[in-house]
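Inspection log for the structure reproduced underneath, given as structure tokens.
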Amino acid sequence: TIYNNITVNGIANFTGKQSGSGNWTFKDDSAGNGTVDNDSQVTYTESFNGAGFAGSYRNLTVNGKAVFGDVVIENLFDGAGDVTFAGTTGGDATASHTGSVTYNETAQLVYGGIYGDLTLKGTRTLANDFKVNGLATINDVQTVDADIDFVGTTNAKTAGEVINAVSGTVSYVKGADIYGGTYNNLTSLGDNTIYNNITVNGIANFTGKQ
């Protein structure tokens, strides 16, 4: 058990579970088959480029490039790096990440909050409200049970019909392409292009020309 703060400037080679409550900082890469169970803060800095540790985090900051296996994040997920969740995701964390985040097929839980760029691979249910300020990339059907706000751009022109909303409101900033599919409520702020079929079962709120 590690109760103090640790900083690893080189490669962190963990075997087995490493648990504790200190602030842990990783600056290079990781090795071994270890996992972490940290109830304080773990940071992967701008220079980190490799596999992040699977395990349980309270607060996770990623400013470098990291690929994670199975993780549980309980409080805050933030940073400005390039993150891929390649395993399962769990926990009640709120995202406040300004970089690029990818959820692979096995990462069924998408954390609510704010993203820079967001890529969703595979089908899942989106049950937490979130906003995407940058590029949203969706290529597989997402069941939407939340409010989603696309403030940046989308890949809707080539994505096809990928929205299946059972509740909530999906909103698009002025100029963003609208994903095809079925919506509960749909808000468009104008100058949006619809390339694929859409169905709105609730309220369609269109402002300006489409």
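The values are calculated or read from the model by the stated rules, or taken from the named source; none is laboratory data. As the structure is a prediction and not an experimental result, all values here were calculated from the model. All Cβ positions, even for glycine, are placed from backbone atoms using ideal geometry, and neighbour counts span all protein chains on display. Keep in mind that these areas ignore ligands, DNA and RNA; they rest on the heavy atoms of the full protein, side chains included. Shrake-Rupley method; radii C 1.70, N 1.55, O 1.52, S 1.80 Å.
Summary table
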item	result
Close pairs from region 104-125: first closer than 12 Å to THR84 by Cα, partner modelled with pLDDT under 95, Cβ under 8 Å, at least 6 apart	LEU120/ASN139; LYS121/ASN139
Failed item, numbered, when VAL67 is tested on (1) open to solvent by 10 Å² or more (accessible area, probe 1.4 Å); (2) within 30 Å of VAL166 (Cα to Cα)	(2)
Residue check for GLY168: in contact (Cβ under 8 Å) with a residue 24 or more places away in the chain, at positive phi and open to solvent by 30 Å² or more (accessible area, probe 1.4 Å)	no
Filtered residue count, region 81-106, keeping only those that are over 12 Å from the mean Cα position of the chain (by Cα) and either open to solvent by 20 Å² or more (accessible area, probe 1.4 Å) or modelled with pLDDT under 95 (or both)	5
Odd one out for GLY50 among (1) outside any strand (DSSP E or B); (2) modelled with pLDDT under 95	(1)
Filtered residues of region 9-34 (kept if of a type in the set (Val, Ile, Thr) and surrounded by 17 or more Cβ atoms within 10 Å (Cβ to Cβ))	THR25
Residue in region 160-178 that is out of contact with any Leu (no Cβ under 7 Å at 6 or more places or on another chain), part of a loop (DSSP other than H, G, I, E, B) and under 18 Å from ALA93 (Cα atoms) present	no
Contacts under 7 angstrom Cβ, first residue in region 63-85 being part of a loop (DSSP other than H, G, I, E, B), partner polar (S, T, N, Q) and open to solvent by 60 Å² or more (accessible area, probe 1.4 Å), 6 or more apart	GLY64/SER47; GLY64/ASN49; ASP70/THR88; ALA80/THR98
Residue list for region 102-156, filter: of a type in the set (D, E, K, R), assigned to a loop (DSSP other than H, G, I, E, B) and within 25 Å of THR199 (Cα to Cα)	LYS121, ASP129, ASP140, ASP147
Matching entry among ASN192, ASN196 (being part of a loop (DSSP other than H, G, I, E, B) and open to solvent by less than 10 Å² (accessible area, probe 1.4 Å))	ASN192
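A quick yes/no check of all residues on (1) farther than 30 Å from ASP70 by Cα; (2) open to solvent by less than 20 Å² (accessible area, probe 1.4 Å); (3) modelled with pLDDT under 95; (4) of a type outside the set (Gly, Ala, Ser):
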residue	(1), (2), (3), (4)
GLN108	no, no, no, yes
GLY112	no, yes, no, no
LEU120	no, yes, no, yes
LEU126	no, yes, no, yes
ASP145	no, no, no, yes
VAL151	no, no, no, yes
GLY181	yes, yes, no, no
